[in-house]
Amino acid sequence: MGLFGPSPFLGCDGCFFLFPGKAHGYGTYFATDASYSIRHAALAFGIHNTCILQCRAVVGKYTKGSQRMKTLPVRFGTTDQYDSAVDNRRNPTAYILFNDTAAYPEYLIKF
């Protein structure tokens, strides 16, 4: 995963779409490692029918997600919400977006 800046909105370059889920919030999940998405796709569709989306996503300022999160909380000391949630704040492997316009697919990878 490459993050680019220097704007206050960081981007996830090469995120891989996972699925809508709720382990870390009711959002759309993106993995930083393709193998994570491949495992989920193979379980859902079988190894011979698998495809994943490589996406670009604006992740911005993020916070730790929680299972009951339906919207992003407000950042401390501001009136602005966080831009995304993550599974682990120190070393994110999954980003959860709550805004449909924060990501777009770049490549459909079939195998």
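Residues in the stretch 96-110 carry Karplus couplings, in order, of 10, 10, 10, 10, 4, 8, 8, 8, 9, x, 9, 9, 9, 10, 10 Hz; the curve used is 6.51 cos²θ - 1.76 cosθ + 1.60 with θ = phi - 60°, and Gly or Pro positions show x. Among the trypsin sites (Lys or Arg not before Pro) in the stretch 19-111, those placed in a DSSP loop whose Cβ has at most 14 other Cβ atoms within 10 Å are R68, K70, R75, R89, R90.
Potential lengthening of the chain between K70 and T93 amounts to 6.3 nm, from the contour at 0.36 nm per residue minus the alpha-carbon distance.
Every number here is computed from the coordinates shown, using simple stated rules; none is lab data. Computed from a predicted structure; not experimentally measured. Using ideal geometry, Cβ is built from the backbone for each residue, glycine included, and neighbour counts are taken over all protein chains shown.
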